[in-house]
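The next block holds one structure in the form of structure tokens; read it before the comments.
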Amino acid sequence: MRYAKALASMGIWTLLAAAAPAALSQTPPNLQTPPNPAPPSSSAPPVELPPPPPPPPVILDAKPEPPPVAQPPRVAMPLPVAVTPVAVPVVVPPKPTPKPVVPPLPAKVVVAPAKPVVAPTVPAAEDASAAPDDAKVKNGEGEKKKHEFVKGELASVGSIGLVPWENRVGAVVGMERIGDVFYAAITPSINYSTELNDQPFSMSFGVPLRLEVVDTRPANAATGDAHGWSHAGRFRKQDWDEIGDFAQIIRQIQYGGKESHLYVDVNAFKASSIAHGTILKRYNPNLNLNSRQVSGEIDGFTDWVGGELFVNNVVAPNVIGGLVFVKPLSFVNRQNYVMRSFSLGLTAVADVDAPLRAKLDLADVDNNGIRERQYLVDQNTYKPFYTATTVLATGIDAEVKLVDTKNTDWKTYLDYSMLMSGLPTDGNHPVDGFPPTRYVSSGGLTWGNLIRLNFGNDTVHALRLRAEVRRYDQNYLPSYFDVMYEVQRLQYRIGSRTADPNGTKVQAILGRPITNDGAAVIGAYFEASWRIAEIFAMAVGIEVNDTEPDNNLFVHLEMPEYKNFQFLATFHRRSATTAGNLFGFKSTGREIFLAKARYRVVDWFHINAEAITPFGIGPDSFFANTLDFNVNLEFGFGYGAKK
């Protein structure tokens, strides 16, 4: 009934508008807001609207203004019958029935039936400025580069050479001594360093050319050779008269790092180790200045198996060693680092040409009249003659990692090793040919711990600690193939001035008399090394025992690259009779001192200096260490990017 009355009133209003123009000044009754409007039929809550501002006059037959774009259309409300005039002049077209004008709502409010009100958010000024940096962090841009955990050897202990820190081609000019002969040495060289598959890769090559300057040996009446300056300027043909000599052009070829998944190292000046070093530790085949050898090492491992292989000469090796290991628990659980790191390994190292008995200069081939008190030495190569045998060392070990975090790595291991060979049974008097021998073996047990620590972000400090406790037989020697092996294999007691044909290392160790009812020797080993990026490195190590005269000490300092300067120095004191003698000032005759330095004066000119105590056979045909000081001049130029 209410709606019928409303329609009737609308018809009356239309007739009045057409008949009386004066009625235009009146307000249409259907636009008057009732005093108490009835609620709309929709279920949505009513919206109270503020009074509208006086609208401008509307032209007849004009289309009504559309609502704001952001405002949804308002649903028309039912019109009541009773209206009250309002003094607002409005011209309303007869068709269609006009809809009520709805004023715009605030921009932050969206009104929609049966939907919640949503207000748009605007980020604060500081949030907007931080967004690009946050995006860089999420995308990996702007983040500090994460350093890989530094492991492996931190210092080049026992190294006898330096490799330039930049890609370079040139030549080194200087003086060298081989035996009693001095040579002018010219070595054209080139080196190149880069990254290959995210691993360091470097190569260095040189061609040593030697011209004789002076021969300090006395004149040989038998051959008529006056020596002295008589052959000055003569090219040393012995450097290139064998196929194996051509390997000496390799100074270094290296890929990866020790303890990385793949490591390849072919070099002419570095020391090498296998496994935990209980059999072969820091063995350098080039400590004998009378010979130059290029050694090779290949290491590789996965989460399940791995191995190492070493030869002291890539052309004609006599010291060969290897390690194979398996990680059986990795097949069960590779996610747990304890199970993944547990390994069982087998190690074997052999010298297939080990001196068993040295030969004496009974024929006086060097023409100095000493004869049986000297070793027999080749007068061209300065290599001694001896009767050879095979020395074999084997071992089994177990290893497990106890801690594996971002900055800490701790592993413990247990090794049992054996040393075996044959010893002469014909007494101390040498005989021609190979002497009759008897089989002798010995062994030892080592429990060790290796802790590696990393500190810092921009500049990484790496710390490496190793501690071992040992129990072994009196005629056994831990790390039998050590830094002095290349010299002591023939003459174990360096410093003695009387030739002992049975003074070889295999006889000195395996042939030791057993005393004190065969009581085991108790020993210990400790080593610490510290490295600061490529700026500085140092290492110290001590090896002591309670019975045998096999106490050792080393100290090492190194500056791999600091501005225009490069430096390394190593001091070894070997085979001291007691632990206290390691720290005295009295020389044992078995010290090693190696110091190398390079200074870049200008890009094309470097000065190299060295002070070394290499071991060689001198005029009296004995191995002895003498202090040599050399200065070399290096000419060349760099190319490409630096290391």
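The values are calculated or read from the model by the stated rules, or taken from the named source; none is laboratory data. This one's a predicted model, so the numbers in the text were calculated from it and none came from an experiment. As a convention, Cβ positions derive from the backbone with ideal geometry for all residues, glycine included, and neighbour counts pool all protein chains shown. Side chains are part of the model used for accessible areas, which takes the heavy atoms of the whole protein and leaves out ligands, DNA and RNA. Shrake-Rupley method; radii C 1.70, N 1.55, O 1.52, S 1.80 Å.
Annotations for the structure displayed:
- Remark: relative contact order (the stretch 502-542) = 27 percent; criterion is Cα-Cα distance under 8 angstrom and separation of 6 or more residues.
- Highest-first arrangement of 604-611, 351-358, 267-274, where packing means the average Cβ count within 10 Å: 267-274, 351-358, 604-611
- Under 17 Å from a label point set 7 Å out along the Cα-to-Cβ vector of residue 309, no amide N atom of the stretch 478-492 is found.
- Toward the positive end of the charge dipole of the stretch 202-326, with +1 on the Cβ of Lys and Arg and -1 on the Cβ of Asp and Glu, the farthest Cα among 214, 243, 283 is that of 214.
- Förster radius 51 Å - calculated FRET efficiency between residue 396 and residue 626, Cβ distance, rounded to 0.05: 0.80
- Gained length - residue 599 relative to residue 332, 0.36 nm times residue gap less alpha-carbon distance: 90.7 nm
- Other residues lying with their Cβ under 12 Å from the Cβ of residue 463 contribute a combined charge of +3, Lys and Arg counting +1, Asp and Glu -1.
- Convex hull volume per residue for the stretch 236-314, taking Cα atoms only, in Å³: 92 Å³
- Sequence of 583, 246 when ordered by accessible area, the most exposed leading, probe 1.4 angstrom: 583, 246
- Residue 540-residue 320 FRET efficiency (beta carbon distance; Förster radius 30 Å; 0.05 resolution): 0.45
- Charge context of residue 339, other residues only, Cβ under 15 angstrom, K/R +1, D/E -1: +2
- Solvent-accessible surface of protein heavy atoms, probed at 1.4 angstrom with all chains present, puts 590, 292 in the order 292, 590, largest first.
- Local charge for residue 330 was computed over the other residues whose Cβ lies under 9 Å away, with Lys and Arg +1 and Asp and Glu -1, and equals +2.
- Restraint check, 383/596; 258/327; 281/359, Cα-Cα greater than 21 Å: 383/596; 281/359
- Segment residue 522-residue 563, extension gain: residue separation times 0.36 nm, minus the distance between their alpha carbons: 10.2 nm
- Charge dipole magnitude, Cβ of K and R +1, D and E -1 - the stretch 470-533, Cα centre, debye nearest 20: 100 debye
- Pairwise label distance in nanometres, residue 459 with residue 607, each label 7 Å out on the Cα-Cβ vector: 2.7 nm
- Calculated FRET value between residue 148 and residue 362, using beta carbons and R₀ = 60 Å, to 0.05: 0.50
- Distance cut-off 17 Å, percentage of C-alpha pairs in the stretch 540-594 lying past it: 43 percent
- Distant-in-sequence amide H partners of residue 360 (H built 1.01 Å from N, under 5 Å): 376
- Measuring nothing but alpha carbons in the stretch 177-294 and taking Rh as the Kirkwood radius, the Rg to Rh ratio lands at 1.11.
- For the stretch 406-523, the relative contact order comes to 26 percent (Cα pairs under 8 Å, sequence separation of at least 6).
- Sorting 487, 264 by accessible area puts them as 264, 487; the probe is 1.4 Å, largest comes first, and only protein heavy atoms count.
- In sequence order, the stretch 199-215 has phi-based couplings of 10, x, 9, 9, 9, 8, 10, x, 10, x, 10, 10, 10, 5, 10, 8, 10 Hz under the Karplus curve 6.51 cos²θ - 1.76 cosθ + 1.60, θ = phi - 60°, and Gly or Pro positions carry x.
- Segment residue 378-residue 195, extension gain: residue separation times 0.36 nm, minus the distance between their alpha carbons: 61.4 nm
- Cα pair count fraction exceeding 16 Å, expressed as % - the stretch 464-563: 66 percent
- Kirkwood estimate for the stretch 388-538, i.e. one over the average of 1/r between Cα atoms, Å: 18.5 Å
- Each residue of the stretch 162-245 gets 119 Å³ once the volume of the Cα convex hull is shared out per residue.
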